[in-house]
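Peer 1: First the structure, then my questions, so here it is.
What follows draws every value from the coordinates through simple rules; no lab data is involved. From a predicted model like this one, the values you see are computed outputs, not experimental measurements. As a convention, Cβ positions derive from the backbone with ideal geometry for all residues, glycine included, and neighbour counts pool all protein chains shown.
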Amino acid sequence: MVMGYVIDAVRTPRGRGKAGKGALSGIHPQELLAQVLNTLQQRQGFDPREVDDVIAGCVSQVGEQGANLARSAVLTAGWPNEVSAVSLNRFCASGLQAVHFGAMAVASGAMELVIAGGVESMSRVPMGSDGGGQDGNNTHLRERVFQVPQGISADLIATLEGFSREEIDAVALRSQRNAARAIEEGRFAKSLFPVKDPHTGAVVLERDEFPRPDTTAEGLAALKPSFTALGETVVGPRGETLAQLALAAYPRAKALRHLHTAGNSSGIVDGAAAVMLASERYVREKGVRPRARIRAMATIGSEPVLMLTAPAPASQKALRMAGMKASDIDLWEINEAFAGVVLQTTRALGIDSERVNVNGGSIALGHPLGATGAMLLGTALDELERSGKQTALITLCVSGGQGIATILERL
């Protein structure tokens, strides 16, 4: 079964997510997504009136990213009023979930052409801006499960898995080196376009701003753990700290080892991306040539305190649906929310780390929450074509204990 054709994918460069300092921090998030939409339209030459829906992931849907950002982006792009749009939030998986919903629509025949992706301006709408915290501040829910921040979960995973700081940092160093090589060799050029100031037309960013190609093992080792003080924060109903709450759920850990730092965790950045998805009928009637097809899609839930271990079972679920094994996948994009997540997923699936994140990941490039999933799909597609390989699996961990996975097959 064809689960949707991928016609094209584009993205902005990732800008440093610091207000007044990042190159994209002066650009409204609606404008970022609007430029993605128009770039996709100009590249492919379709009539925007043919688009049945625009689906955009965005995590912090408040302020400038509230009020159904996707619809406002369609209007900002100057597309016809008839083009509908919707915004969604599956936390870090939002951009890829948008692609899933679009693929479902075109595969079922409910729609013919969908633009799906995501956007996040972390400089203008910082993480946590919606005030929801881990659980919407529901004290009744906390009697059943007291969730902890992702950094605590990442350190808990590393503790339970017995990862060393050296192993964690090695993932980060590899991400930086792979990203540096990819940038030097122009591996992102096919999907990337320069973002312009919407008022002056001047180019404000042409390439990813976050990577640090001069990163060394010694420099990474010198960084202090990021979540030690957070772990000591008292939040529990009986005066428990966050670390104590995590250990209460996983007493076999005995003590929480804080191993994640600013150097081996994902970077805070701004960016937007979109994927053009079409039905078999649209492809046939319009004579367009798809670049790939989506072979399988899956989501899954996992235990919400540990939270970040669902990429492996989500990937296994997608592989079962496709009738494939992990060894059948040529390239893996495992989102680098934290280095420990990549290590845990790689170990759980028994896959060759040399097939994982070959062009770097969110540690080096940054993680613009709602956009990342769509960016990873585009990166995987470009690399399949560049390397002549056939299949890729894209997977992300999700806050609250969820995972998502997509199997892409090059045509």
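Peer 1: Could you compute how fast segment 1-138 diffuses translationally, taking Rh as the Kirkwood radius over C-alpha pairs and applying Stokes-Einstein at 4 °C with viscosity 1.567 mPa s? Give it in µm² per second.
Peer 2: 84
Peer 1: Then there's this: Which whole-number percent is the relative contact order of segment 1-138 (Cα, under 8 Å, 6+ apart)?
Peer 2: Taking the mean separation of contacting Cα pairs over the length of segment 1-138, I get 31 percent.
Peer 1: Evaluate the distance, in nm, between pseudo-label points positioned 7 Å from the Cα of Asp47 and of Thr228 along their respective Cα→Cβ axes.
Peer 2: Result: 6.4 nm between the two label points.
Peer 1: Report the calculated FRET efficiency for Tyr250 and Asn137 (r = Cβ-Cβ distance, R0 = 30 Å), to the nearest 0.05.
Peer 2: With R0 = 30 Å, the Cβ-Cβ based efficiency is 0.80.
Peer 1: So how do 92-98, 6-12 stack up, highest first, on mean other-Cβ count within 10 Å?
Peer 2: 92-98, 6-12
Peer 1: Here's another thing I want to ask about it. Describe numerically, in nm with one decimal, the distance between label points set 7 Å from Cα along Cα→Cβ at Ser387 and at Glu184.
Peer 2: Label at Ser387, label at Glu184, 1.8 nm between them.
Peer 1: Which of the peptides 198-210, 46-58 is most tightly packed, and how do the rest follow, going by the mean number of other Cβ atoms within 10 Å of each residue?
Peer 2: Descending mean neighbour count gives 46-58, 198-210.
Peer 1: Bin all alpha-carbon pair distances of segment 241-360 at 10 Å intervals from 0 and give each bin's fraction as a whole percent.
Peer 2: Bins of 10 Å from zero give 10, 30, 33, 19, 6, 3, 0 percent of pairs.
Peer 1: I need the calculated FRET efficiency for the pair Glu240 and Lys21, taking r as the beta carbon distance and R₀ as 56 Å, to the nearest 0.05.
Peer 2: So, using R0 = 56 Å, E works out to roughly 0.90.
Peer 1: Write down, largest first, the equivalent ellipsoid semi-axes of segment 40-120 in whole Å, where each equals the square root of 5 times an eigenvalue of the alpha-carbon gyration tensor.
Peer 2: With the √(5λ) rule applied to segment 40-120, the semi-axes are 20, 16, 10 Å.
Peer 1: Can you give the relative contact order of segment 316-361 as a percent, counting alpha carbon pairs under 8 Å and 6+ residues apart?
Peer 2: 43
Peer 1: Highest mean first, how do 370-376, 360-366, 26-32, 307-313 rank when packing is the count of other Cβ atoms within 10 Å averaged over residues?
Peer 2: Highest-to-lowest ranking by the protection proxy: 370-376, 360-366, 307-313, 26-32.
Peer 1: Considering the chain as a Gaussian network with a 10 Å cut-off on Cα pairs, which listed residue, Val398, Val235, Val86, attains the greatest mean-square fluctuation?
Peer 2: Top of the fluctuation ranking is Val235.
Peer 1: Measuring from centroid to centroid over Cα atoms, what is the spacing of segment 305-374 and segment 101-150 in Å?
Peer 2: Taking the Cα centre of segment 101-150 as reference, the centre of segment 305-374 is 19 Å away.
Peer 1: Next question. Largest first and in whole Å, give the semi-axes of segment 47-93's equivalent ellipsoid, each being the square root of 5 times a Cα gyration tensor eigenvalue.
Peer 2: One finds semi-axes of 21, 12, 6 Å for segment 47-93.
Peer 1: Take the chain, connect every pair of alpha-carbon atoms lying under 10 Å apart with a spring to form a Gaussian network, then pick out the residue of Gly219, Gly15, Gly271 with the largest mean-square fluctuation.
Peer 2: Gly219
Peer 1: Taking just the alpha-carbon atoms of the chain, what radius of gyration and Dmax come out, in angstrom?
Peer 2: Cα only, the chain: 20.3, 65 Å (Rg, Dmax).
Peer 1: Further question on the same structure: Which whole-number percent is the relative contact order of the chain (Cα, under 8 Å, 6+ apart)?
Peer 2: Worked out over the chain, it gives 27 percent.
Peer 1: Using the membrane-span-like helix rule (whole DSSP H runs, Cα extent along the own axis of at least 15 Å, mean Kyte-Doolittle hydropathy at least 0.0), which helices of the chain qualify?
Peer 2: Helix filter hits for the chain: 94-108, 150-161, 339-349, 369-387.
Peer 1: Let me ask another. Could you tell me the center-to-center distance, by alpha carbons, between segment 12-53 and segment 155-216 in angstrom?
Peer 2: Here the two parts' Cα centres lie 19 Å apart.
Peer 1: If the elastic network links every pair of Cα atoms under 10 Å, which of Gln244, Gln42, Gln344 fluctuates the most in the Gaussian network model of the chain?
Peer 2: Answer for the Gaussian network model of the chain: Gln42.
Peer 1: Considering only Cα-Cα distances, which of the following residue pairs are longer than 22 Å: Lys190/Lys317; Lys21/Lys224; Lys325/Lys389; Lys18/Lys190?
Peer 2: Lys190/Lys317; Lys21/Lys224; Lys18/Lys190
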